[in-house]
Structure formats: structure tokens, C-alpha cells
Amino acid sequence: MEPVTDFELRAFFTYTVEVLERLEIPYMVVGGFAAIFYGEPRLTLGVDVLLDMRTEHIKPLVAAFPIPDYYISEEAARDALNRRYPFNVIQPSTGAKIDLVPLPRDPFTRLAFQRRQRLVFDEADHSATFITPEDIVVAKLIAYRETGSDKHLRDARGVLTMQWGGLNLEAIRRGAHASDVIETFENLLEAVRPDGQA
């Protein structure tokens with residue numbers, strides 16, 4: 001099968017957002033998809049979405065993605081909710097995948113969820129609820145610390161570069177300090193700071 005195209009992934013994402021909103025499941029788009037939205041383009045084969053999901057949401061959520069057009073496991077969703085682990089919904093015809101992540105209990109993610117914002121994400125004026133650019137920078141620095149993967153550092157750098165001038169750097173600094181990634185943030189900030197700007 002050919003890799004999922006950007007168009008296919010965005011169409012699947014749009015449908016998923018419609019489902020979550022129809023079922024009144026609070027959510028926030030995070031991960032590489034959010035970082036690319038705010039930052040520099042790179043290939044991503046899936047989307048990560050945090051959900052403030054309850055047990056009663058599971059059956060209607062699964063029903064909204066019927067086989068054979070989609071695949072989602074009710075058992076995996078129940079287990080994921082209990083253990084706060086990701087589960088996914090897959091579109092077999094394209095290979096597109098969306099990871100659904102029950103809202104973790106850590107303070108940073110809880111606060112980021114409260115600060116989420118609604119944004120238009122395509123030319124058709126579809127909108128969704130995204131993590132803020134400040135919080136995605138911190139989230140990516142945390143992911144870099146935990147995994148060592150340079151893609152997270154590149155994502156954080158891309159958001160800082162593309163959103164420069166519109167970011168609340170002090171808010172990022174506070175989040176980075178609280179999450180013990182302040183040194184990495186200050187080094188990255190120095191690397192991307194435009195010449196002559198304090």
C-alpha cells in the first residue's frame with residue numbers, strides 16, 4: 001500500500017474531529033500534527049489527540065467508526081481509559097491512523113488542556129481544538145528529554161522559528177522550568193533568536 005497522503009490524513013482527521021464534537025468529548029490536538037501546524041513542515045503518518053473521555057463515551061465512539069471503513073477496538077479503548085494509554089482508530093483503505101490518548105493526570109498536560117484553543121486548520125474553514133504553540137514547545141522538549149529523539153527538538157525549534165514574535169516566551173519559560181527542561185529551552189531559544197533581538 002502507498003503511504004497515506006496529506007490529503008487523506010487531513011480528511012480522516014476532519015471526520016474524527018466531527019465525531020468527537022458530535023459526541024461532546026472534549027479533546028486537544030497534540031504531537032507532530034500540532035507541531036507541524038504551528039511550525040515547519042515534515043512528514044507525519046498520524047495524528048495524536050488527547051481526550052477527556054469517560055466510560056459512557058466508548059460505545060458511541062466505536063460505533064462512529066464502523067468496519068470495514070475503519071478499525072477501532074472497544075476492548076482496547078476500555079483498557080486504554082483504565083490505564084491512561086493511547087489507543088487508535090485506523091482507516092484501512094488509506095493506512096491513516098489517529099492515536100487517541102486518554103487525558104493524562106500530570107499537571108502540565110492538565111493545564112495545557114485547559115489552555116487549548118480553537119483554530120481553523122484548512123482552506124475549507126474546518127476548525128479544531130489545538131494545544132497552544134507555547135505548550136507544544138514545552139511538550140516537545142519533554143518528549144525530547146524522555147526519548148532522546150531529535151525530531152522532538154526539531155519540532156520545538158520549528159514552532160519557535162515560525163511563531164517568533166507571536167509567542168509568550170515567559171509562559172514557555174515557566175512551563176519549561178516547571179517541567180525541568182529549562183536548560184534545553186534556553187539553549188534552543190538562543191539558537192533560533194533572530195539577530196539583534198533580546
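Eigenvalues of the alpha-carbon gyration tensor of segment 133-192, scaled by 5 and square-rooted, set the equivalent ellipsoid semi-axes at 16, 13, 9 angstrom, largest first.
Pop the C-beta distance of residue 14 and residue 193 into the FRET formula with R0 = 41 Å and round what comes out to the nearest 0.05. Calculated transfer efficiency: 0.70. Mind running the shape call on segment 6-130? Use the C-alpha gyration tensor, a ≥ b ≥ c as the square roots of the eigenvalues: rounded below 1.5 for a/c, prolate if a/b tops b/c, oblate otherwise. Verdict is oblate for segment 6-130.
Computed from point charges on the beta carbon alone (+1 for Lys and Arg, -1 for Asp and Glu), the dipole magnitude for segment 6-130 about its Cα centre is near 540 Debye. You can think of it this way: the chain between residue 180 and residue 59 has 39.7 nm of extra reach, that is 0.36 nm per residue less the Cα-Cα gap. Between 114, 163, 91, the Gaussian network model of the chain with springs among Cα atoms under 10 angstrom shows the greatest mean-square fluctuation at 114.
Centre-to-centre, using Cα atoms only, segment 88-153 and segment 1-74 are separated by 11 Å. Taking the longest Cα principal axis of the chain as reference, the axis of helix 74-83 is set at about 40 degrees. The stretch between residue 169 and residue 82 holds 27.8 nm of extra length on full extension. This uses 0.36 nm per residue minus the Cα-Cα distance.
Of the residues 77, 111, 187, the one whose Cα sits farthest toward the positive end of the charge dipole of the chain, with +1 on the Cβ of Lys and Arg and -1 on the Cβ of Asp and Glu, is 111. Rounded to the nearest 10 degrees, what's the angle between the helix 182-192 long axis and the longest principal axis of the chain, both from Cα atoms, 0 to 90? Around 80 degrees separate the two axes.
Rounded to the nearest Hz, the phi-derived 3J(HN,Hα) couplings of segment 91-96 under the Karplus curve 6.51 cos²θ - 1.76 cosθ + 1.60 (θ = phi - 60°) are 9, x, 5, 10, x, 5, where x marks glycine and proline.
Modelled this way, with points 7 Å down the Cα-to-C-beta line, the labels at residue 150 and residue 23 are 3.9 nm from one another.
No value in this document is a laboratory result; all are computed from the given coordinates. Source: prediction; values computed, not measured. Cβ atoms come from the backbone with ideal geometry, glycine included; neighbour counts cover every protein chain shown.
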